[in-house]
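Written below as structure tokens is the structure these notes are about.
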Amino acid sequence: MSSVRQYELIYIVPPETTDEALAELQTQVEAITQRFGATIEKTENWGRRKLAYEIGKHRDGVYVLHVINGPAELVTELDRRLRVFDLVVRHLVVRVDEELAIAERARVRRKSSMASRRVRRGLPPEPTEAEKRRDHDDDDMDGLEQGFRGGRDGDR
Amino acid sequence: MSDEREGRGGGRGAGGRDGKDGKDGKDGKGRRGFFRRKRVCKFCVDKIDYVNYKDVKLLAPFIPERGKIQPRRISGVCATHQRALQTAIKRARQIALIPYTTD
């Protein structure tokens, strides 16, 4: 039995692509995902962007991102099919669930360690609004510098 | 936070120590201590756990003009985050968000 994983699929189509052609491509992608019992969690259209390098004759492209929850076999199939579509200039599938889980664990760990450290110092676990503000303009050297220069001018 | 890293070459921070007797004669010796600045990992400071390959603005400071990945010894990124940054940059290159090389 294959387990459900999270993938991000990005593909680039030429900017002159009509909306219908793009919609057609998206329904094709949806059809493939449905066949594997997968779900599309999110779809983003980034619109027209300049490519960092030329791909074939293209300098610009329309980026489309899908976040898909599905099995590993889906990716092989998607990869194969997207390679065949002439419309797709470039595509990329990345597995993200493990990385996001690691990031989430790190975030939770940091938060709990910060809270415990604060409690040990006798502070409330969450930083208050006033403390946050003080953290922000902590390393401001500009005032100091100006004061010094002004003093030397005065001596002269 | 980020402006602390920008003036890396400037070395204003450690200046006070050598400044007093650092005339021309001692320049060669004192220079290293003079210009070195405490380098910090941007990702640790900003508490970025996931280096997102889709975020060009995040990756851009670590890609010098030539398009290569900036080494850790220059950027000051910690080993963990450099590894994450490396994969992120390589992914971004594949999907043409970042150049492999420029001219």
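Computed quantities for the displayed model
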| read-out | value |
| --- | --- |
| A:His91, sole failed condition from (1) assigned to a helix (DSSP H, G or I); (2) within 14 Å of chain B (Cβ to nearest Cβ); (3) not aliphatic (A, V, I, L, M) | (1) |
| Index of the failed condition, A:Ile32 passing every other in (1) over 22 Å from the mean Cα position of the chain (by Cα); (2) surrounded by fewer than 15 Cβ atoms within 10 Å (Cβ to Cβ) | (2) |
| Any hit, the range B:31-38, residues being modelled with pLDDT under 90, farther than 30 Å from A:Arg59 by Cβ and within 14 Å of chain A (Cβ to nearest Cβ) | yes |
| Counted residues, the range A:38-61 - those being among the acidic types (Asp, Glu) and over 19 Å from the mean Cα position of the chain (by Cα) | 2 |
| Residue tally, condition away from chain A (no Cβ under 11 Å) and at pLDDT below 90, over the range B:46-64 | 1 |
| Any chance A:Thr27 is of a type in the set (S, T, N, Q), free of Cβ contacts under 8 Å to residues at least 60 places away in the same chain and outside any helix (DSSP H, G or I) | no |
| Subset of the range A:78-132 [without any contact (Cβ under 8 Å) to a residue 24 or more places away in the chain and β-branched (Val, Ile, Thr)] | A:Val84, A:Ile102, A:Val108, A:Val119, A:Thr128 |
| Residue within the range A:73-80 that is in a helix (DSSP H, G or I), within 14 Å of another protein chain (Cβ to nearest Cβ) and either touching a strand residue (DSSP E or B) at 6+ places or on another chain (Cβ under 9 Å) or among the hydrophobic types (A, V, I, L, M, F, W, C) (or both) present | yes |
| Close pairs (7 angstrom Cβ cut-off, 6 or more residues apart or separate chains): modelled with pLDDT of 90 or more in the range B:75-89, polar (S, T, N, Q) anywhere | B:Ala88/B:Asn52 |
| Test: residue in the range A:35-44 that is more than 12 Å from A:Asn69 (Cα to Cα) and buried (at least 16 other Cβ atoms within 10 Å of the Cβ) | no |
| Test: A:Tyr63 is under 18 Å from A:Gln28 (Cα atoms), at the interface with chain B (Cβ under 10 Å from one of its Cβ atoms) and either modelled with pLDDT of 90 or more or buried (at least 17 other Cβ atoms within 10 Å of the Cβ) (or both) | yes |
| Members of the range A:30-51 that are in a strand (DSSP E or B), under 23 Å from A:Val96 (Cα atoms) and of a type outside the set (Val, Ile, Thr) | A:Glu41, A:Lys42, A:Glu44, A:Asn45, A:Trp46, A:Gly47 |
| Close pairs from the range A:1-20: first away from every other protein chain (no Cβ under 13 Å), partner crowded, with 16+ Cβ neighbours inside 10 Å and of a type in the set (Phe, Trp, Tyr), Cβ under 9 Å, at least 6 apart | A:Ser2/A:Phe36 |
| Subset of the range A:81-130 [aliphatic (A, V, I, L, M) and in contact with a strand residue (DSSP E or B) (Cβ under 6 Å, 6 or more places away or on another chain)] | A:Leu82, A:Leu87, A:Val88, A:Val89, A:Leu92, A:Val93, A:Val94, A:Val96 |
| Single condition A:Thr27 does not satisfy, out of (1) within 10 Å of chain B (Cβ to nearest Cβ); (2) surrounded by fewer than 14 Cβ atoms within 10 Å (Cβ to Cβ) | (1) |
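For every residue, the table says whether it meets (1) at pLDDT below 90; (2) within 13 Å of chain B (Cβ to nearest Cβ).
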site: A:Ala23; (1), (2): no, no
site: A:Gln34; (1), (2): no, no
site: A:Glu41; (1), (2): no, no
site: A:Val67; (1), (2): no, yes
site: A:Asp86; (1), (2): yes, no
site: A:Ala103; (1), (2): no, yes
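The values are calculated or read from the model by the stated rules, or taken from the named source; none is laboratory data. Note that the structure is a prediction, hence the values are computed from the model and not measured. Every residue, glycine as well, gets a Cβ built from its backbone with ideal geometry; the counts of neighbours run over all protein chains shown.
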